[in-house]
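Rule-based calculations on the coordinates, nothing more; no lab input. Given the structure is predicted, the values throughout are model-derived calculations rather than measurements. In this analysis, Cβ positions are derived from the backbone assuming ideal geometry, glycine residues included, and neighbour counts consider all displayed protein chains.
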Amino acid sequence: MQMLQVQLELGVDPAEVGRARRWARTRLVRSGIGADEPVAETLILLISELVTNAVVHTGCPAVLRMLFSSAPAAPVRVEVADASDTPPAPRHARKDDTGGRGLELVDGLADRWGWQPEGAGKQIWCEVDRGAGDGCPARTGAGERLLHAAALH
């Protein structure tokens, strides 16, 4: 089984989040994941959240990596590394808060996620399982529960 890794260096600018999403969509299509597939939309949302946390909240440049396996049902791994050694801290946003839900979304949408030290900083990673054409119903249900729970806060 072969593994393909692609990466994008990101500066400290909120506009980098949009650039990361556009870049990721292109890489997903090149890997054989259609832009309109549920797994692609999930990955783009996860990338958006992780890149926002890295470049906006840490004030550090970051590196976005996507790892694809040649096995069709293998998970897609997303990694975002930055130079901040501050561990990620999930918050519980109140109903009227305009932010603070990023890691809660990551927890609800990714099949697995975590973080680890990398160099002088850290890497936050997540994995999304690729269903065998089943539309990812388990993940969709988790996402709906997460969004419903966030609305209740």
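Across the range 35-41, in residue order, what do the Karplus-derived ³J(HN,Hα) couplings come to in whole Hz, using 6.51 cos²θ - 1.76 cosθ + 1.60 with θ = phi - 60° and x for Gly and Pro?
4, 9, 6, x, 5, 5, 5
Given axes a ≥ b ≥ c from the Cα gyration tensor, I'd like to know whether the range 35-132 is rounded (a/c under 1.5), prolate (a/b larger than b/c) or oblate.
Details: a/c = 2.12, a/b = 1.29, b/c = 1.65.
Oblate shape, in that a/c is at least 1.5 and b/c is the bigger or equal ratio.
For the range 17-72, which trypsin sites (Lys or Arg not before Pro) are both in a DSSP coil and crowded by at most 15 other Cβ atoms within 10 Å?
Values: sites: Arg19, Arg21, Arg22, Arg25, Arg27, Arg30, Arg65; in loops: none.
Answer by residue number: there is no such site.
Which FRET efficiency value, to the nearest 0.05, do you get for Ala71 and Ala35 by plugging their Cβ-Cβ distance into 1/(1 + (r/R0)^6) with R0 = 22 Å? It would help to have the intermediate numbers written out before the result.
On the way: r = 21 Å, r/R0 = 0.96.
That pair, Ala71 with Ala35, gives E of 0.55.
Using a Förster radius of 22 Å, what is the FRET efficiency between Arg112 and Arg91 based on their Cβ-Cβ separation? Nearest 0.05, please.
On the way: r = 21 Å, r/R0 = 0.94.
Calculated value: 0.60.
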